[in-house]
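Scroll down for the structure; my scribbles are underneath it.
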Amino acid sequence: MKIIIDGELPRGVTSKDLCLRVIGDLGADGGLYASVEFHGSTISQMSLESRMVIPNMMAEFGAKNAWLAPDDAVFEWLAERLAQRNSKFVIRNSEITNYELRITNLALYPDENATYASVHHYAAAQLEPYVACPHRVDNVKPLSQVRGTRVNQAFIGTCTNGRIEDFAAAAEILNGKKIARGTRLLVIPASSQVLNDALARGYIQTFVDAGAVIGVPGCGPCMGNHMGIPAPGEVTISTANRNFRGRMGTRESEIYLASPAVVAASAIAGVIADPREV
C-alpha cells in the first residue's frame, strides 16, 4: 500500500493527526497484513521524531510493517549516535563519510516500477487536528466536532508520543498555566534519555508547575498496568495509539486519542480543547 502526502502541514497539525486521518478514512483493518509505504514532500519535511510516530501508529492500522524512505536526515541521525558510541564512523564537515557509503548499500527502497495493492493521496494543507473517539482508533473526528467533551485525565507519553519533541509541544502550551480543577495530567517519558533531556531543558519543571504528575520512563497506563488507570466512568485523553475498551485497565471508561498539544490544551481547559486557541 502506498500513501502519498504532499505540501506543508498547517499550524497545529502533526504526524499524529495524519495517522489518525488515514486510519479514520481506511479503517483499523485498512492496512491488514500489508506493507505500508509513506511517500511525498511532507514526510521529508518532518523531523525524525515526527516520522517515528507513523510506524508506531500503523500497528493500529493492521499493518505488517510501515516504511518511510531513509534520507540524509536519517543517515546523519544514525551516524551521530554511532559517533557517540566511539564508532569508527564519524561526521566530518557536516558530511557523512564512511557511514553513508556503507549504509546506502543496505538501505531499502521500492523498485521504480513497483506495483501496489492501493495508492492513497493526501494534501497536507487540507488536514486538521483529529481525535480518535471511544472505543476504536478508526472512530476519528475532527477536533472541532468533539471539543468541549469533559475529561478527567490527560496523559502525555507512550512509544507514540513520549519523545522530547512531544514534551516540547506540551510544555509550550502549559508554560505559565495550571491544569483545570478536577482534571489530572500525567506525563511519562518514553525513555530515561527523554527524561534527562526534558529535565535539562526545563520541561519537567514546567509540567510540575502546571500541576502534572511525572511518572517513571516507560509505557505507563497505556496498557493498564500501573499509574494513571482511570476509574469507572472517567474520560481520558491520551497521546497513546490505542483506545479500545479496557485498554487502560478499566472497561467502564472512555479513551480519546490526540496529539500532545491537544492533550496539553485539554488538561488546561478540563475539556477537549484546541491548542491553537490556548
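FYI, it's all coordinate maths here, none of it is from the lab. This structure is a prediction, so every number in the text was calculated from the model and none was measured. Methodologically, a virtual Cβ is constructed for each residue, glycine included, from the backbone with ideal geometry; neighbour enumeration extends over all protein chains shown.
Worth a mention:
- Long-range amide H partners of T149 with built H, under 5 Å: I272
- Of N196, N56, N241, the residue with the greatest mean-square motion in the GNM of the chain, using alpha carbon springs below 10 Å, is N196.
- Percentage relative contact order, the chain, counting C-alpha pairs under 8 Å, at least six apart: 21 percent
- Acute angle (nearest 10 degrees) that the helix 15-26 long axis makes with the longest principal axis of the chain, alpha-carbon atoms: 90 degrees
- Dipole in debye (nearest 20) - the stretch 204-278, about Cα centre, beta carbon charges: Lys, Arg +1; Asp, Glu -1: 300 debye
- For mean projected area of the Cα convex hull in nm², calculated from these coordinates, the label among [x] 17.1; [y] 15.2; [z] 13.7: [y]
- Those lysines that a straight Cα-Cα span of less than 17 Å connects to K64, excepting residues fewer than 8 apart in one chain: K2
- 16 Å Cα-Cα reach of K141 towards aspartates and glutamates, excluding residues that sit fewer than 8 places from it in its own chain: D17, D25, E128, E254, D274
- Close amide H partners of V13, meaning residues 5 or more places away or on another chain with modelled amide H under 5 Å apart, do not exist here.
- Over the stretch 1-72: Rg over Rh, Cα atoms, Kirkwood Rh: 0.93
- Net charge of neighbours whose Cβ lies under 9 Å from the Cβ of A124, counting Lys and Arg as +1 and Asp and Glu as -1: -2
- Highest-fluctuation residue, L48, L32, L82 considered, GNM on the chain with Cα pairs under 10 Å: L82
- Dipole magnitude of the chain about its Cα centre (Cβ charges: Lys, Arg +1; Asp, Glu -1), debye to nearest 20: 920 debye
- Each part gets one Cα centre, and for the stretch 9-49 versus the stretch 184-229 those centres are 25 Å apart.
- Between the Cα long axis of helix 192-201 and the first principal axis of the chain there is an angle of about 80°, rounded to the nearest 10.
- The packing ranking of peptides 109-118, 258-267, 160-169, highest mean first, is 258-267, 160-169, 109-118, where packing means the average number of other beta carbon atoms within 10 angstrom of each residue.
- 0 to 90° range, to nearest 10: angle between helix 164-174 axis and the chain longest Cα axis: 30 degrees
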